[in-house]
Amino acid sequence: MIEEIMRNVKEKRPLVHHITNYVTVNDCANIVLACGASPIMADDEAEVEEIASICDSLVINIGTLNARTIESMIKAGKVANQLGRPVILDPVGAGASTLRTDTVFRLLNEVKFSVIRGNISEIKTLAHGNGDTKGVDAADADVVTATSREAAVALARNVSKKTGAVVVITGATDIVTDHKDVFFIKNGHEMMAQITGSGCMLTAVIGAYCGANHERVMQSTVAAVVAMGLCGELAYHKMVATDGGTATFRTYLIDCMNKMNETTLKAGMKIEN
Amino acid sequence: MIEEIMRNVKEKRPLVHHITNYVTVNDCANIVLACGASPIMADDEAEVEEIASICDSLVINIGTLNARTIESMIKAGKVANQLGRPVILDPVGAGASTLRTDTVFRLLNEVKFSVIRGNISEIKTLAHGNGDTKGVDAADADVVTATSREAAVALARNVSKKTGAVVVITGATDIVTDHKDVFFIKNGHEMMAQITGSGCMLTAVIGAYCGANHERVMQSTVAAVVAMGLCGELAYHKMVATDGGTATFRTYLIDCMNKMNETTLKAGMKIEN
Amino acid sequence: MIEEIMRNVKEKRPLVHHITNYVTVNDCANIVLACGASPIMADDEAEVEEIASICDSLVINIGTLNARTIESMIKAGKVANQLGRPVILDPVGAGASTLRTDTVFRLLNEVKFSVIRGNISEIKTLAHGNGDTKGVDAADADVVTATSREAAVALARNVSKKTGAVVVITGATDIVTDHKDVFFIKNGHEMMAQITGSGCMLTAVIGAYCGANHERVMQSTVAAVVAMGLCGELAYHKMVATDGGTATFRTYLIDCMNKMNETTLKAGMKIEN
């Protein structure tokens, strides 16, 4: 299944519309290209509806939110909804400011999301209306441990029920749920938290995978989470072998997505449910 | 000739003003530095005229166009025109939205461009007022093949006649024309389409080359297209040798521009006319 | 002392708020992570006060200044001042346009800065109200030579006296002064001027170091300048060893910050006073 989803991305080359932050936008564009899709970044209110209408999916990322782009996000989201295209939300830093938290709730109110991906603090904010984020990172108190896994699943399920979206909480173990099924994904490496953009890039890849597999949002999301995590593992090993650091790791992470194939993916995936 | 143009960039270190998108802006700044020039990115209406006036050339790229920067592009363009400095246009995604298409025509109406560089779909939009772009990539139907080369040249000539600019259509074979002469450049590698920014970076390098060679816009453009294409080839070989992927390729692409010298350029150039 | 400052960054993982330019923002985020701190980029007027209040320091960089973010800089700066958090200024391109020069003076008037870091032309602009910058680079006439070092120190002291900030002039030899003491730092490599963002990244690292060491702004600044310069040296050697160019150098620069430890720092630092 996962291999077929990946193959579809390479064959259909979906066009993925991003309204995203200016910190990691280049990485997002490059990883979307690396996995075989085609990115377009467009955020002006005057064009987002038109751009959304020619694209296969839409990724909304609130990483450097500003007044100008909030209306664009809502307009693009509504068009994508009308056309039945998957819309993915990355609520970067929800809980860290009233603007971000309020905007996330406004987005959830006006746009139907297919997938929402965040860290535990961000998803907690979506569940409870507030959270203790450490800026754009998960608060230490929120980090998912073996013992708190049940609570994290309950949180993700809660948000999934309220929104109808597949919900992803990324951390040491990633949780993907559509409130019925739950998948635990153990791929990934802690180096991913030492570069900016690991989360944003995963959200972008989810957008690419869902863009090529409209009818299989849950499986596409699982596949994207696995692929990204596996890239993290492979990039780490290559980084160590070449005596590199975090910037080298970032380069290899995108390289690995570019070189990922069905055999590697199948051999490396660590999914439990 | 081409070697002298390249040498002038390194000796004069022209200052290149960019009003550009936030996706590939870092790559553009780095490749301009790599080829020996000095970039300055400035897009606020309140300063663009002053910045344009201290610079040797101006690059306008509509990649993440927004209402705020359109006026800045026009103001900066007019100042550069008055001072006789080359102005380069990259009509990213022209044809993909009304905003982009309309803005390109407004820019062409109010600013005189020395060089326009785009993919076939974008240049078709400039010729006909519309085009079938695939987001920011060339539409499949538009891709230049051996048999359609004549049509592509006619298109480029048409735009060159209408605008007075040297027109570049990049693709498997790059076409450069000032409506009298035509050059076909066979340098380059298909990996360049698998990273974001190859086109934007070429446009930036054209800005740098023209900035150091005001009187030789056509030759500077040909030199920049050759240099960038050759970097693509060299970067590809080094990427393969180090078992890298797209992100490694991007790094090597800029590295190669930094290490390009007259001997390498002369030995590697593949120009026909 | 310097080792303890570096250790505090890794142990306290300070949250560093950046209002910065979109050219080098990704590099700034990554180098802040590489040195052990946590970056958050937020520039909308509606959230900057809240974000500043949860952060350990604030970095203001005017690299792609625009009307929208000037008010944000002032609001965030005032909150950080009230809470006693270090505020760092990078006056990119001050002197290159009236907007930049005026904004810098407005910022100095309304916000108390702990550290100001610029090249000689930018600091001259702060001292005299104008300067001859070459865009965002130091003007050739301004470059600090052995014979002009005294004049540069006088300039830095003057700005330090007027503003109460520790002032850093970066160049072949970096000067750090709080108008009483002066440190000359001979770490660094000329390759750093051949990539975009060396200066911005240093300012970001100063923000991280000061964020973890509120009571020792002068020493933290010296430590950051040394660490960054040493990374430049180490990255250069690794670049040569792998036959790389400027983009490889940029990758290694961030790698080296990620791998920097107290032993390397102590062994490599070149400080005179």
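A short reminder: the numbers here are calculations on the coordinates, not readings from a lab. Note that this is a predicted model, so its numbers are computed, not measured. Cβ placement follows ideal geometry from the backbone for every residue including glycine, while neighbour counts extend to all protein chains displayed.
Using a Cα-Cα cut-off of under 17 Å, which lysines could be cross-linked to C:Lys270, ignoring same-chain neighbours fewer than 8 residues away?
C:Lys186
Just tell me how shielded C:41-54 is by partners: mean number of partner chain Cβ atoms within 10 Å of each residue's Cβ, no decimals.
Shielding by partners across C:41-54 averages 6.
I'm checking a number: the convex hull volume of the Cα atoms of segment B:181-249, normalised per residue, in Å³. What is it?
78
For A:Lys266 and A:Lys12, what does the FRET efficiency come to when R0 = 22 Å and r is the distance between their Cβ atoms, rounded to the nearest 0.05?
Once the sixth-power term is evaluated, E becomes 0.60.
Can you give the FRET efficiency for A:Glu110 and A:Ala172, using 1/(1 + (r/R0)^6), R0 = 30 Å, r = Cβ-Cβ distance, to the nearest 0.05?
Efficiency, rounded to the nearest 0.05: 0.35.
Given points 7 Å out from each Cα along the Cα-Cβ axis, report the B:Leu83 to C:Ile54 separation in nanometres with one decimal.
With each label point 7 Å from Cα toward Cβ, the separation is 4.4 nm.
Where in chain A are the helices, taken as whole DSSP H runs, whose Cα atoms extend 30 angstrom or more along the long axis and whose Kyte-Doolittle mean reaches at least 0.0?
The answer, listed by residue number, is A:217-241.
Checking the a/c ratio against 1.5 first, then a/b against b/c, what shape does the Cα gyration tensor give for segment C:1-126?
Prolate, because a/c is 1.5 or more and a/b exceeds b/c.
Would you work out which of A:Gly207, A:Ala267, A:Gly93 lies farthest towards the positive end of the dipole of chain A? Charges go on Cβ: Lys and Arg +1, Asp and Glu -1.
A:Ala267
Given the Cα-Cα distance of B:Thr242 and B:Lys162 and 0.36 nm per residue of separation, how much length would full extension add, in nm?
Result for the pair: 24.2 nm of gain on full extension.
Just need the relative contact order of chain C here, percent rounded to a whole number, with Cα pairs under 8 Å and 6+ apart.
RCO, chain C: 21 percent.
I'd like the FRET efficiency for A:Lys186 and C:His214, computed as 1/(1 + (r/R0)^6) with the beta carbon distance as r and R0 of 51 Å, rounded to 0.05.
0.80
Just counting partner chain Cβ atoms within 10 Å, what average do the residues of peptide B:257-265 show around their Cβ?
What the average comes to for B:257-265 is 2.
Place a label point 7 angstrom from the Cα of B:Asp102 along the Cα-to-Cβ direction, then list the residues of segment A:45-60 whose backbone nitrogen is under 13 Å away.
A:45-50
Check the straight Cα-Cα distances from A:Lys162 and name the lysines below 20 Å, setting aside those fewer than 8 residues away within the same chain.
A:Lys78, A:Lys112, A:Lys124, A:Lys180
Cut-off under 19 Å on the C-alpha distance; same-chain residues fewer than 8 positions from A:Lys238 excluded. Which lysines are left, in chain and number order?
List returned: A:Lys259, B:Lys238, C:Lys238, C:Lys259.
Run the helix sum for chain B: -39,500 (n - 2.57) per DSSP H stretch of 4+ residues, divided by residue count, reported at 222 nm to the nearest 500 deg cm²/dmol.
Here the helix-only value at 222 nm equals -16500 deg cm²/dmol.
When a/c is below 1.5 the answer is rounded, else prolate if a/b is larger than b/c, else oblate, so apply that to segment A:134-273 with a ≥ b ≥ c taken from the square roots of the Cα gyration tensor eigenvalues.
oblate
Calculate the length of the line joining the C-alpha centroid of segment C:53-98 to that of segment C:1-25, in whole Å.
Cα centres, segment C:53-98 to segment C:1-25: 16 Å.
Give the average, rounded to an integer, of partner chain Cβ atoms located within 10 angstrom of each Cβ in C:194-200.
Counting Cβ atoms of other protein chains within 10 Å of each residue's Cβ and averaging gives 4.
Does the protein assembly as shown classify as rounded, prolate or oblate by the C-alpha gyration tensor (a ≥ b ≥ c root eigenvalues; a/c under 1.5 gives rounded; else a/b over b/c gives prolate, otherwise oblate)?
Judged from the Cα gyration tensor, the protein assembly as shown comes out rounded (a/c under 1.5).
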